[in-house]
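Report on one structure; see the data block that follows.
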Amino acid sequence: MAIQLNERDHLIFKFIAEHKVLLEKHISWFIACDDKPVLIRDRLRKLFYLDYLLCERHRDTLPWWTTPTKPLVYMLSPMSNSLIGTSEELIDLNDCSMQRHLLEVANLRMIMLMAQKEEQISALEWKTNDRVVDTSQMDLDATVSFSRGGVSYKAGIINHSQTAEELAGTTTLKDKIEATFGDDGVDMVFIISRDQVRQQMVQKALSDKLSASAMNNVLFATHQEIYKAGIVKSRWQNAAERTISCFVEPLKESMSTGRMSQITSVQAMPA
């Protein structure tokens, strides 16, 4: 049974090729962008049955997955790779920890799209960096630009990485992170950890090594915090474990004076 591939099908292939593995919810949000996420379950099943996609259940329990069944993970089949001209994968996409890492990065993109739909941010642009996830690198998993309160931001995102844990306490970790400001042209680096213990490990490793200019621009949060509060409202911290007000609030009129007021970006709050 043949089907006529449409523009949405090619978008599905594009997003999966970019992120390597995706859940149905990710694909729905990526395609919808500012609109209401679309229901594409039937189409994904059909693409799977016709060998355009590979589909399997993730083997582990994901802490942010709220249903009893483990989620279905979608990947491109060899036929689709050939169709869109992508090269053969060099990483094992069936590896459970690899899938988790890639799905966490996709989650962060989805959460930022949610923030844009709720008008907390605007002009969102996301770029997933093509990289091999291993313990020899500290590359950015993604770069993102957006606006809030009339201010533009460009941030690099480092998802939880064994690299940070293995390099904790060394100057190499500091050098690798600070290099991203020059090499990747970002003005902020978000380090997203899987739990508070791992976050504090990296914070302590960097607390007395980062330059003064970088201290309040290397920001930390856990996945749980971001899933709960979102990108803008999360309690971001710097390496010194101090809460940071890192986004300008939208202009709003003062009730008493009628004048417009705005909160300054990136300030360390009292501990």
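Nothing in this text is a laboratory measurement; each read-out follows from the coordinates by a stated rule. Just so we're clear, the structure is a prediction, and the values are computed from it rather than from any experiment. Here the Cβ positions follow ideal geometry from the backbone for every residue, glycine too, while neighbour counts run over all protein chains shown.
How would you rank V218, V38, going from fewest to most other Cβ atoms within 10 Å of each one's own Cβ?
Working: V218 26, V38 13.
By the 10 Å Cβ count, ascending, the order reads V38, V218.
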Please give every one of the lysines within straight-line cross-link reach of K127, meaning a C-alpha to C-alpha distance under 16 Å, and leave out same-chain neighbours fewer than 8 residues apart. K14, K20, K154
Just from the alpha-carbon atoms, what are the Rg and Dmax of the stretch 1-89 in angstroms? 13.1, 38
Under the 0.36 nm per residue contour assumption, what length would be gained going from the current alpha-carbon distance of L11 and S147 to full extension? 46.5 nm
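Using Cα-Cα distances under 8 Å and only pairs 6 or more residues apart, what relative contact order does the stretch 1-89 have, in percent? Numbers along the way, then the final one.
Values: 89 pairs, mean separation 27.6, N = 89.
31 percent.
Could you sort the peptides 85-95, 139-149 by per-residue average Cβ neighbour count (10 Å cutoff), highest mean leading? Write out the running numbers ahead of the final one.
Working: 85-95: 10.9, 139-149: 19.5.
In descending order of packing, they fall as 139-149, 85-95.
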